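S.K.: Take a look at the following structure, please.
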Amino acid sequence: MADFEFDYDPEADSLFLYKKNGRSKGSVELGDLIFDFDYRLNLVAMQILNASGFIEEVTGEADVKELLKHLKRCEVKQRTHKNLLVITITLTAERKVQIPLTIPNIKYTSPSLAYA
């Protein structure tokens, strides 16, 4: 598990998680989630839009907005399973909340983007 830095904007209800020295080579947007990967396709940052609602829906937790306002630590664990990237985010404030995410494992750049 790697500690990620974090920034929560309560007005926008947006949670940004990032590795302090991570360098993004490209992003992938899936609904309310934006993932940033480095040149080796390692996750270096992610943003959760409508964060409190998204986390409440995925985890079943209540009062997530209060947890996000008092966030003290964020850990991100990632592994691959077949063609999937499995990410577990652990948010710690007065309690811990785990957010499980599974997304397609992106291995190749789109040919259409190679010429952009």
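Taken together, the values in this text are just the output of simple stated rules run on the coordinates, not laboratory data. This one's a predicted model, so the numbers in the text were calculated from it and none came from an experiment. Using ideal geometry, Cβ is built from the backbone for each residue, glycine included, and neighbour counts are taken over all protein chains shown.
S.K.: Using the basic label-point model (7 angstrom from Cα toward the beta carbon), what is the residue 59 to residue 79 distance in nanometres?
M.R.: That separation, rounded to one decimal, is 2.0 nm.
S.K.: Separate question: Arrange 75, 5, 94 by Cβ neighbour counts within 10 Å, fewest through most, would you? Could the numbers behind the result be given before it?
M.R.: Working: 75 16, 5 13, 94 10.
Neighbour counts put them in this order, fewest first: 94, 5, 75.
S.K.: Then there's this: For Kirkwood radius over Cα pairs in Å, the choices are (i) 14.3; (ii) 18.7; (iii) 14.8; which was calculated from the structure?
M.R.: (iii)
S.K.: Can you sort 25, 82, 19, 96 so the residue with the fewest Cβ neighbours within 10 Å comes first?
M.R.: On the way: 25 14, 82 6, 19 18, 96 11.
Placing the least packed residue first, the sequence is 82, 96, 25, 19.
S.K.: Sort 14, 27, 52 so the one with the fewest other Cβ atoms within 10 Å of its own Cβ comes first.
M.R.: Values: 14 18, 27 12, 52 21.
Listed from fewest to most nearby Cβ atoms, that is 27, 14, 52.
S.K.: While we're on this one: May I ask you to list the lysines whose Cα is less than 27 Å away from that of residue 69, ignoring any residue fewer than eight positions away on the same chain?
M.R.: 19, 20, 77, 96
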